[in-house]
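**Student:** Pasting in a structure now, in structure tokens, and then I'll have a few things to ask.
The values are calculated or read from the model by the stated rules, or taken from the named source; none is laboratory data. Predicted model, so just to flag it, every value in this text is computed and none were measured. Using ideal geometry, Cβ is built from the backbone for each residue, glycine included, and neighbour counts are taken over all protein chains shown.
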């Protein structure tokens with residue numbers, strides 16, 4: 001019985017790694033679609049999100065069954081509870097990449113990024129992609145250094161997001177109402193992607209150490 005339980009626990013870990021890999025890929029592809037106005041790639045991102053959703057449902061069902069039938073304690077219980085919360089955050093990250101891709105598809109052949117804001121948005125998207133890469137490595141090896149990098153990069157994301165939002169609010173760029181709306185939604189989704197990654201990094205820190213690590217920025 002214990003061997004079967006350990007095999008199920010290993011399967012939970014494998015599914016979390018697969019989710020992180022797919023989320024990382026989704027945001028990378030969404031970024032390329034966004035910057036290249038590639039409607040075909042955007043459609044791919046939208047379609048592939050179904051796999052992330054499926055994995056979350058399968059993982060949650062497996063985890064809940066283990067909680068109910070195996071009555072885990074101590075570290076095993078901590079792993080299963082963390083898995084439920086992490087899978088939820090990663091599913092949302094996949095949704096955010098899908099929303100960005102859907103916006104690209106909706107506005108095609110026009111660009112979602114107004115030319116006046118291109119450099120800032122491209123920098124923001126680059127930072128968000130870095131977060132996805134750190135997340136995948138974090139979930140693969142539970143190296144807490146990757147989690148600390150997520151927190152640091154997300155700090156830069158928050159600063160840049162705030163700067164862009166200020167320029168939109170103050171009409172620093174000559175944008176139409178539709179452009180301002182699209183840009184607001186776009187940068188909000190990019191910023192939220194980073195926030196979910198930070199949340200996951202803290203859950204993994206708790207899983208590994210049993211303590212909540214304080215955010216590390218410097």
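**Student:** Looking at 141, 210, which is the one that is on the phi > 0 side of the Ramachandran plot and surrounded by fewer than 18 Cβ atoms within 10 Å (Cβ to Cβ)?
**Tutor:** Values: 141 fails: on the phi > 0 side of the Ramachandran plot.
Of the residues listed, the single one that is on the phi > 0 side of the Ramachandran plot and surrounded by fewer than 18 Cβ atoms within 10 Å (Cβ to Cβ) is 210.
**Student:** Does residue 133 count as farther than 15 Å from residue 28 by Cβ, out of contact with any strand residue (DSSP E or B) (no Cβ under 7 Å at 6 or more places or on another chain), at pLDDT 95 or above and surrounded by fewer than 22 Cβ atoms within 10 Å (Cβ to Cβ)?
**Tutor:** The answer is no for residue 133.
**Student:** Right, here's the next one. Is it true that some residue in region 47-62 is under 24 Å from residue 111 (Cβ atoms) and buried (at least 17 other Cβ atoms within 10 Å of the Cβ)?
**Tutor:** Yes, region 47-62 contains at least one residue that is under 24 Å from residue 111 (Cβ atoms) and buried (at least 17 other Cβ atoms within 10 Å of the Cβ).
**Student:** Same structure again: Here is a list: 189, 137, 202. Which entry is in contact (Cβ under 8 Å) with a residue 40 or more places away in the chain and in contact with a helix residue (DSSP H, G or I) (Cβ under 7 Å, 6 or more places away or on another chain)?
**Tutor:** Of the residues listed, the single one that is in contact (Cβ under 8 Å) with a residue 40 or more places away in the chain and in contact with a helix residue (DSSP H, G or I) (Cβ under 7 Å, 6 or more places away or on another chain) is 189.
**Student:** So is residue 194 in contact (Cβ under 8 Å) with a residue 12 or more places away in the chain and surrounded by fewer than 17 Cβ atoms within 10 Å (Cβ to Cβ) or not?
**Tutor:** On the way: in contact (Cβ under 8 Å) with a residue 12 or more places away in the chain: yes; surrounded by fewer than 17 Cβ atoms within 10 Å (Cβ to Cβ): no.
Criteria not met by residue 194.
**Student:** Which residue, of 68, 127, 103, is out of contact with any strand residue (DSSP E or B) (no Cβ under 6 Å at 6 or more places or on another chain), touching a residue at least 12 places away in the same chain (Cβ under 8 Å), over 23 Å from residue 178 (Cβ atoms) and part of a helix (DSSP H, G or I)?
**Tutor:** Values: 68 fails: touching a residue at least 12 places away in the same chain (Cβ under 8 Å); 103 fails: over 23 Å from residue 178 (Cβ atoms).
So the residue among 68, 127, 103 that is out of contact with any strand residue (DSSP E or B) (no Cβ under 6 Å at 6 or more places or on another chain), touching a residue at least 12 places away in the same chain (Cβ under 8 Å), over 23 Å from residue 178 (Cβ atoms) and part of a helix (DSSP H, G or I) is 127.
**Student:** Show the residue pairs that are 6+ apart or on different chains and have beta-carbon atoms under 9 Å apart, the first residue being within region 162-180 and free of Cβ contacts under 8 Å to residues at least 12 places away in the same chain, the second being surrounded by fewer than 14 Cβ atoms within 10 Å (Cβ to Cβ) and part of a helix (DSSP H, G or I).
**Tutor:** From residues that are free of Cβ contacts under 8 Å to residues at least 12 places away in the same chain, the pairs are 172/166.
**Student:** Among the candidates 118, 78, which residue alone is surrounded by fewer than 17 Cβ atoms within 10 Å (Cβ to Cβ), in a helix (DSSP H, G or I), without any contact (Cβ under 8 Å) to a residue 40 or more places away in the chain and over 20 Å from the mean Cα position of the chain (by Cα)?
**Tutor:** 118
**Student:** Which one of the conditions (1) surrounded by fewer than 16 Cβ atoms within 10 Å (Cβ to Cβ); (2) closer than 23 Å to residue 15 by Cβ does residue 109 fail to meet, given that it meets all the rest?
**Tutor:** Only one criterion is unmet by residue 109, namely (2).
**Student:** Would you point out which residue out of 35, 8 is in contact (Cβ under 8 Å) with a residue 24 or more places away in the chain, within 22 Å of residue 97 (Cα to Cα) and buried (at least 16 other Cβ atoms within 10 Å of the Cβ)?
**Tutor:** Testing whether each residue is in contact (Cβ under 8 Å) with a residue 24 or more places away in the chain, within 22 Å of residue 97 (Cα to Cα) and buried (at least 16 other Cβ atoms within 10 Å of the Cβ) leaves just 35.
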